[in-house]
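Some notes on the structure that comes next.
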Amino acid sequence: MKEINKPSVDELIELFNRLFLPDYNTVLVRGDDEPVYLPEDDQNPHNRVVFAHGFYASALHEIAHWCVAGAERRKLVDFGYWYKPDGRTAQEQAEFEKVEIKPQAYEWIMSVASGHKFHFSADNLSSDLGASDQFKENVYATVQQLLEKGMPDRLTQLVKVLLQTSGKEKLSAGDFAL
């Protein structure tokens, strides 16, 4: 069995920037605080996917949101999405889970491609409302659908490079389990 190399955060930054700076004018940036997407502006010539505290999982999660966002959304701070911080109600958490299915499916695929462990995120740390079983099943179903029917271009490009870097040959449905 081939040994898997888990790319570091610095390697991920380098890979992302090499892939997406030329065609998308976008760089991956290690942040000190909350993650955010920042489009180019007068002070910054590049779009920036800023992830939290140097965490690999945060980088993958923010990249996933970037991969989901269309061209118009990529012109807006944080893609123009609402964000309700910790302490969401059950209804607010259900809304959060609806919009997080695709990004977390993308993140899971990138995690496996890079040899890193994936964790479902409820992103509601001050509450006892964790990721629901239904949410996990929806993310899993989305992963299976993407593997079967094909992934969008930016996700495909990054997964291909992550697989090469990690030494993993390919992704298969068996790589994912609830």
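Annotations for the structure displayed:
- Count - residues of the stretch 36-54 that are part of a loop (DSSP other than H, G, I, E, B) and either within 12 Å of the chain's Cα centre (by Cα) or polar (S, T, N, Q) (or both): 2
- Among the residues making up the stretch 119-152, those that are under 13 Å from the mean Cα position of the chain (by Cα) and modelled with pLDDT under 95 are 119, 120, 121.
- First in the stretch 1-24 and within 20 Å of residue 67 (Cβ to Cβ) and modelled with pLDDT under 95, second anywhere and among the β-branched types (Val, Ile, Thr) and surrounded by 14 or more Cβ atoms within 10 Å (Cβ to Cβ), Cβ under 7 Å, 6 or more apart: 7/165
- Scope the stretch 157-178; condition farther than 16 Å from residue 115 by Cα and modelled with pLDDT of 95 or more; matching residues: 157
- In the stretch 7-35, the residues that are crowded, with 16+ Cβ neighbours inside 10 Å and part of a loop (DSSP other than H, G, I, E, B): 7, 35
- Taken together, 81, 106 contain a single residue that is among the hydroxyl-bearing types (Ser, Thr, Tyr), at pLDDT below 90 and closer than 23 Å to residue 143 by Cα, which is 81.
- Residues that are farther than 16 Å from residue 136 by Cα and among the basic types (Lys, Arg) within the stretch 88-103 comprise just one, 88.
- All positions within the stretch 36-47 that are farther than 17 Å from residue 19 by Cα and surrounded by 11 or more Cβ atoms within 10 Å (Cβ to Cβ): 36, 37, 38, 39, 40, 41, 44
- Boolean, residue 87 is farther than 29 Å from residue 25 by Cβ and either of a type in the set (S, T, N, Q) or at pLDDT below 95 (or both): yes
The values are calculated or read from the model by the stated rules, or taken from the named source; none is laboratory data. Note that this is a predicted model, so its numbers are computed, not measured. In this analysis, Cβ positions are derived from the backbone assuming ideal geometry, glycine residues included, and neighbour counts consider all displayed protein chains.
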